[in-house]
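Here is the structure we will look at.
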Amino acid sequence: MASKMTVEEVGEFLRVEFPQAFVGNAIDIESADGQTSLLRQHYSDKLLRPGGTVSGPTLMALADLAMYVVLLSAIGPVGLAVTTNLNINFLRKGKPGRDVLAEARLLKLGKRLAVGEVNLLSGTSPDPIAHVTATYSIPNP
């Protein structure tokens, strides 16, 4: 499937329509091609929960944004596409001092629903710290 929005177009759209996702430039969209996306959450002590691990809300928000980015790159600027389901499995500790990467991919793209998955990685480790499945509702044109 060809991409309907470039990384730059998705980034600009989100900065206008969803600016709270990019407070302090803590997240970069590294790629988005209509089938996959890669986002980087830059490390900050603000991401940690007690016990020194990356917090669940941080991971869920990053995964949801990664799914939104891949979906926008596939369907174009549809601001009202919304999450209808997000399931997360926490697999291992996200270590302090490391960026968190979100690798998203669409599994199925229909006219009204999109289903995808996201692997969340800590730094350069190939072992996911969390696995997410998500469904988005796509509004009528």
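Remarks
- Taken over the stretch 111-141, the criterion of being β-branched (Val, Ile, Thr) and over 13 Å from ASN89 (Cα atoms) is satisfied by VAL115, THR124, THR135, ILE138.
- Selection from the stretch 108-124 of residues that are part of a strand (DSSP E or B), closer than 21 Å to GLY79 by Cα and in contact (Cβ under 8 Å) with a residue 12 or more places away in the chain: LEU109, LEU113, ALA114, VAL115, GLY116, GLU117, VAL118
Residue by residue, here is whether (1) open to solvent by 10 Å² or more (accessible area, probe 1.4 Å); (2) more than 25 Å from GLY24 (Cα to Cα); (3) in a strand (DSSP E or B) holds:
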| position | (1), (2), (3) |
| --- | --- |
| GLY51 | yes, no, no |
| ALA63 | no, no, no |
| PRO77 | yes, no, no |
| ASN87 | yes, yes, yes |
| GLY94 | no, no, no |
| GLY97 | yes, no, no |
| GLU103 | yes, no, yes |
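- Subset of the stretch 22-45 [within 13 Å of GLY94 (Cα to Cα) and either of a type outside the set (Ser, Thr, Tyr) or touching a Phe, Trp or Tyr at 6+ places or on another chain (Cβ under 7 Å) (or both)]: GLN41, HIS42, ASP45
- Extreme residue, modelled with the lowest pLDDT, among residues of the stretch 43-60 that are of a type in the set (A, V, I, L, M) and within 14 Å of LEU101 (Cβ to Cβ): LEU47
- Residues in the stretch 79-100 that are farther than 15 Å from GLY56 by Cα, hydrophobic (A, V, I, L, M, F, W, C) and more than 16 Å from the chain's Cα centre (by Cα): LEU80 only.
- Selection count where residues are open to solvent by 40 Å² or more (accessible area, probe 1.4 Å), part of a helix (DSSP H, G or I) and in contact with a Phe, Trp or Tyr (Cβ under 9 Å, 6 or more places away or on another chain), scope the stretch 9-18: 1
- VAL69 falls short on exactly one of the conditions (1) within 12 Å of the chain's Cα centre (by Cα); (2) buried (at least 24 other Cβ atoms within 10 Å of the Cβ); (3) assigned to a strand (DSSP E or B), and that condition is (3).
- Residue match in the stretch 125-133 (condition: among the hydroxyl-bearing types (Ser, Thr, Tyr), assigned to a loop (DSSP other than H, G, I, E, B), farther than 21 Å from LEU14 by Cα and open to solvent by 60 Å² or more (accessible area, probe 1.4 Å)): no
- In the condition set (1) closer than 23 Å to GLU17 by Cβ; (2) open to solvent by 50 Å² or more (accessible area, probe 1.4 Å), VAL118 is compliant with all but (2).
- Among the candidates ALA2, ALA21, the residue that is part of a helix (DSSP H, G or I) and either among the hydrophobic types (A, V, I, L, M, F, W, C) or touching a Leu at 6+ places or on another chain (Cβ under 7 Å) (or both) is uniquely ALA21.
The values are calculated or read from the model by the stated rules, or taken from the named source; none is laboratory data. Since this is a predicted model, take the numbers as computed values, not measurements. Cβ: placed from backbone, ideal geometry, glycine included. Neighbour counts: every protein chain shown. Please note that ligands, DNA and RNA were not included when accessible areas were found on the heavy atoms of the full protein model with its side chains. Shrake-Rupley method; radii C 1.70, N 1.55, O 1.52, S 1.80 Å.
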